[in-house]
1. Report the residue count in region 249-280 for those that are closer than 15 Å to Gly185 by Cα and among the polar types (S, T, N, Q).
2. Which one is surrounded by the fewest Cβ atoms within 10 Å (Cβ to Cβ) among residues in region 41-67 that are under 22 Å from the mean Cα position of the chain (by Cα) and hydroxyl-bearing (Ser, Thr, Tyr)?
3. Checking Val97 against (1) part of a loop (DSSP other than H, G, I, E, B); (2) surrounded by 14 or more Cβ atoms within 10 Å (Cβ to Cβ), which test does it fail?
4. Just to check your reading of the model, which residue among Gly148, Gly142 is under 20 Å from Phe196 (Cα atoms) and free of Cβ contacts under 8 Å to residues at least 60 places away in the same chain?
5. Let me spell it out: the conditions are (1) charged (D, E, K, R); (2) modelled with pLDDT of 90 or more; (3) farther than 25 Å from Ser344 by Cβ, and Arg244 meets all of them except one. Which number is the exception?
6. Test Ile293 against the criterion of being outside any loop (DSSP other than H, G, I, E, B), touching a Lys or Arg at 6+ places or on another chain (Cβ under 6 Å) and either closer than 29 Å to Val354 by Cβ or of a type in the set (Phe, Trp, Tyr) (or both), and give yes or no.
7. Which one of the conditions (1) assigned to a strand (DSSP E or B); (2) among the charged types (D, E, K, R); (3) touching a helix residue (DSSP H, G or I) at 6+ places or on another chain (Cβ under 7 Å) does Glu191 fail to meet, given that it meets all the rest?
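The values are calculated or read from the model by the stated rules, or taken from the named source; none is laboratory data. From a predicted model like this one, the values you see are computed outputs, not experimental measurements. So basically every Cβ, Gly included, is an ideal-geometry build from the backbone, and we count neighbours across all protein chains shown.
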Amino acid sequence: MAIPIHTIQVRSRPAVGGNTFIKRYPVFNYQHTIVNQGWFDTASCDIMVRSQSEAQQIATSYIGCFAQFFVDNPLVPIWEGFINRIIFNAGLSSYTVSLDEMANRMTVVYTGAANAAAETAAVNNTPSQALYGIKQDQIEFGVDPSAGTMRTTLQQTQIAQRAFPQTSVSQAQGQSNIVRFELLGIFHTLEWEKFFTGVTAATVAMGTAIQNTLAAMANGTTFFDNADVSQVSANAVTMPAQTRAMSYWERMLKIAEAGDGTNYWIVGVMPTDPNTKTRRFYYRSMNTNTDYIAYQKDGLKPRNLYGKVIPPWAVAPDTGIRVDDLVTGFGLGGNDPRVTYIQSVQYDANSQIVQWAGADDTSARAFFQMKKGFKPLSRNNPGTAPQRTIST
């Protein structure tokens, strides 16, 4: 099967506008992941450049930029997010610049006098925040009932060293005219802000907690319109109002995983609206429909309900897919084994294959529980919650 042309359209950083067109490139070795919890998750690709100087200019100018990928429709992107890491070879070395370890807001949490949890006042690097948005790190200091300055010195040192994108260089061999982009979806910016609230026994309805969290965002409308709650559904289930040492995303993911007692709920950031050029946050019950069918006999190509093959780059999660020539004659109670609720999809442009996964996800990411807010107990793998010891 011929590989259709995939392109990336690079735009300015969201913190400085986010919608100014910079350049478009054809891409190679493209892959993406879309998940029901968050939506656009990860993507990666390679582009060709003419020289090392062009690669260096891209590395310094494009990190943190908003980007969209297109295939068959120039108006509808198949994936979008921000450039989180850029890698290029320069002779016998490989150069990397990334936002992963950047932190332009820093706090330290600790246990103070009378065993009370506390957090230092935040320190900020505003020039970095003006370029990339607010990206907070929260360091666990441990027990410190003293009036010493070690914890505040720690946060000042950390932000002085990490306020801008971090770089690394390693030995490597390869073509020096290839630049690799690794991207993250916009919902990952919710991992950039951290909670710390005082002790309280109060509770709040989960739908209200989502809205309160959105309203409290320091990044405001930088990455999506946090004031637009039109896609946030009400959920009267109550939860603790207290939250600490947790990112905004972790709190929202836990709220979604609690569901409503019957169905999964999902949470994340919707694709850019082509009319308003803004993005909205969603929180709602899962889609219980089965919108795709597939057949083993043709390699499980996803089709719509009329049997038309769906382009692999257009397959999305949060729906059911039924394999119609699997376990034929099913008549037992319980769930139909032919149907999978799609929690994530992975698309590879080189093979033109899309793979989907439900709750029984066999990937390494699922094994380590990387996308779970609540970790299960009693599983023999490093991604589960530690055993809790309770003393009387």
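1. So the count comes out to 2.
2. Looking at residues that are under 22 Å from the mean Cα position of the chain (by Cα) and hydroxyl-bearing (Ser, Thr, Tyr), I get Ser44.
3. Evaluating Val97 over (1) part of a loop (DSSP other than H, G, I, E, B); (2) surrounded by 14 or more Cβ atoms within 10 Å (Cβ to Cβ) leaves (1) as the failure.
4. Gly142
5. (2)
6. The answer is yes for Ile293.
7. Exception for Glu191: condition (1).
Rundown of residues vs (1) over 30 Å from Thr319 (Cβ atoms); (2) acidic (Asp, Glu); (3) part of a loop (DSSP other than H, G, I, E, B); (4) modelled with pLDDT under 95, yes/no style:
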| site | (1), (2), (3), (4) |
| --- | --- |
| Asn29 | no, no, no, no |
| His32 | no, no, no, no |
| Ser44 | no, no, no, no |
| Ile47 | yes, no, no, no |
| Ser53 | yes, no, no, yes |
| Gln56 | yes, no, no, yes |
| Thr60 | yes, no, no, yes |
| Gly64 | yes, no, yes, no |
| Gln68 | no, no, no, no |
